[in-house]
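These notes are about the structure you will find just below.
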Amino acid sequence: MIKGNASSTTFMAIALTFIVFLLLFTAVGIYSATQKQSTTTDYLLAGRSVNPWLVALSALSTGQSGFLFTAQVGYAYTSGISAIWLAIGWAIGDYLSWLLVFKRLRTASEASDSETVPNFLAQKQPGQQLISATAALITIAFLGTYAAAQLLAGSKALNSLFGWNTAWGILIGAVIVVVYCFSGGIRASIWTDAVQTIVMIGALLLLLVYTIGAGGGVENIFSNLESIDANLTALFPADLQWGFVPFFVGWLVAGFGAVGQPHILVRAMAIDDANNMGKARDIRTICGLITAFAAIFIGWAGRVLLPNLADPELALLDLSVDLLPAVLVGVMLAGIFAATISTADSQILSCSAALTQDLFPSMSHSYRVAKLGTLIVTGGVLAIALINNDSVFSLITFAWSLLASGLGVLLIVRAWEKPVATPVAIAMMIAGIAAAYLWKYYELSGAMYEVLPGMLASALVYWVGQLLIGERVASIR
């Protein structure tokens, strides 16, 4: 929170800058409405016409957002140097998902005329409604929880600086989400994401420079970390249950779990040309590494400069208040809040699409019903955010793992145009979620993140299904 002795001028400068940038982001979303067409395809996929730069920057913002500013900084604050392995493993896995799957997804989704991820998984085969309905329920349940974590992250930012009750931040975020979604659908989300990513990168790099200076240089920060706790400067995490390799591979597969995240997948489906996917991948990877390592170093500096934080997930904002000029604090707050909100709106759009296009396909071509679905989903996400007290890190990583485990392997099978019977497809989704949940329940996630066992369970079901059913499965081509 802003210190009690801070001048009213400082407070007003932070608040005014925050409001101006928030209005800028909202204006971009509203302006996108000038390019829209009142069709479900345009609302859900922007007419499959999005520039690769916009796809890359949007995917970065919607993939990192609240996780980057709060969870990843907090993780580095508590874990020290070993936090780099989460970022490295995740980046490798994410790169592989774009390299091996996303181009095929763009091509196959257009060929099958699929506008949503559940619809793409169903592929118009016998029993397709069971597949799409199951995938839709998974999307609404877990991506909705993920969206709630974004609202919670944004509200934490407002609470940290202004002392507002977190409920107010969540409510403000929900209202802005509705404005984004109603103004231009996924196009509004993508455009605002791109602007926010630019602000996010600039703000992080500025704070990085200030923290290095305040900490007396990189070498001095590392030296002070070691004096606080020698484990903070250990390259590998201490006391890993099964050792380093399973731990690292778990985070690598977590990054590959992007293949099960509908809010990221729709960006690949919306790109203007499948041949531009490599360009989008490279831009996203380079920018993602810059932001991830900047956030991690800020977390390390936070441990040195603010060693007794009650909530490590607020380290970035507390450092901003202590080190940055008031105007830049406002920019940082706006970047954090807007990035979390734009991620929430793309996730809510994916949930809304699952509700109106896949659970109730008879209404799938109604533009008005698509917007009504957005309102209904936003209400549900709002309720989850208001009653949930978990950390942002816990909420996001668990929701990510269940989506990756439930949808990821089946999406790979579909993108590679391999046959799969309806009962096998449903069993794959259920088995993946069950395995990931049990892995988490029995507290094995510290040894290896639960995406790997979840996706392995789903893949095992597919392999057994192919052995048992074999050539009787109809081709999806």
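Label positions at Leu205 and Trp53, each projected 7 Å from the Cα along the C-beta direction, are separated by 1.5 nm. The simple Förster model, with R0 at 45 Å and r as the Cβ-Cβ distance, assigns Ile212 and Val175 a FRET efficiency of 0.75.
Straight-line cross-link partners of Lys440 among the aspartates and glutamates, defined as a Cα under 20 Å from its Cα and at least 8 positions apart when in the same chain: Asp239, Asp390, Glu450. Extension gain, Leu99 to Ala383: 0.36 nm times the residue separation minus the Cα-Cα distance gives 98.5 nm.
Neighbour counting of Cβ atoms within 10 Å sorts the residues Ser32, Ser346, fewest neighbours leading, into Ser32, Ser346. Our helix-only sum for the chain, with -39,500 (n - 2.57) per DSSP H run of n ≥ 4 divided by its residues, gives a mean residue ellipticity at 222 nm of -24000 deg cm²/dmol. Each residue of segment 397-412 was assigned a 3J(HN,Hα) from its phi angle through the Karplus curve 6.51 cos²θ - 1.76 cosθ + 1.60 (θ = phi - 60°); the sequence is 5, 6, 4, 4, 5, 5, 5, 4, 6, x, 10, x, 5, 5, 5, 4 Hz, with glycine and proline shown as x. Going from the residue with the fewest nearby Cβ atoms within 10 Å to the one with the most, Trp85, Trp90 rank Trp85, Trp90.
Each residue of segment 16-28 is assigned a 3J(HN,Hα), and the resulting list reads 5, 4, 4, 5, 4, 5, 5, 5, 4, 4, 5, 4, 4 Hz, derived from the Karplus form 6.51 cos²θ - 1.76 cosθ + 1.60 (θ = phi - 60°), x at Gly and Pro. Look at where the Cα atoms of segment 431-446 and of segment 169-239 average out, and the two centres are 28 Å apart. What the Cβ-Cβ distance of Phe11 and Ile430 gives, at R0 = 60 Å and to the nearest 0.05, is a FRET efficiency of 0.70. To the nearest 10 degrees, how steep is helix 52-66 against the longest Cα principal axis of the chain, on a 0 to 90 scale? For helix 52-66, the angle is close to 60 degrees. Counted residue by residue at 0.36 nm each, then reduced by the alpha carbon distance between them, the extension gain from Val245 to Leu375 reaches 42.4 nm.
As a calculated quantity, the FRET efficiency between Leu235 and Leu438 at R0 = 35 Å, using C-beta atoms, amounts to about 0.65. For segment 46-104 versus segment 302-325, the inter-centroid distance based on Cα atoms is 23 Å. Straight-line cross-link partners of Lys103 among the aspartates and glutamates, defined as a Cα under 19 Å from its Cα and at least 8 positions apart when in the same chain: Asp94, Asp113, Glu115, Asp272, Asp273, Asp282, Glu417. Between Ile198 and Trp463, the modelled labels are 4.8 nm apart [label points 7 Å from Cα along Cα→Cβ].
Computed from backbone phi with θ = phi - 60° and the Karplus coefficients 6.51, -1.76 and 1.60, the 3J(HN,Hα) list for segment 132-138 is 5, 5, 5, 5, 5, 5, 4 Hz; x is used for glycine and proline.
Can you sort Arg104, Arg267 from fewest to most other Cβ atoms within 10 Å of each residue's own Cβ? Walk me through the numbers on the way to the answer.
Numbers: Arg104 18, Arg267 30.
Final ranking by Cβ density, sparse to dense: Arg104, Arg267.
Bear in mind that the values in this text are calculations on the coordinates, not laboratory data. Fair warning: this is a prediction, and the values are worked out from it, not measured in the lab. FYI the Cβ positions are ideal-geometry reconstructions off the backbone, even for glycines, and counts take in every protein chain you see.
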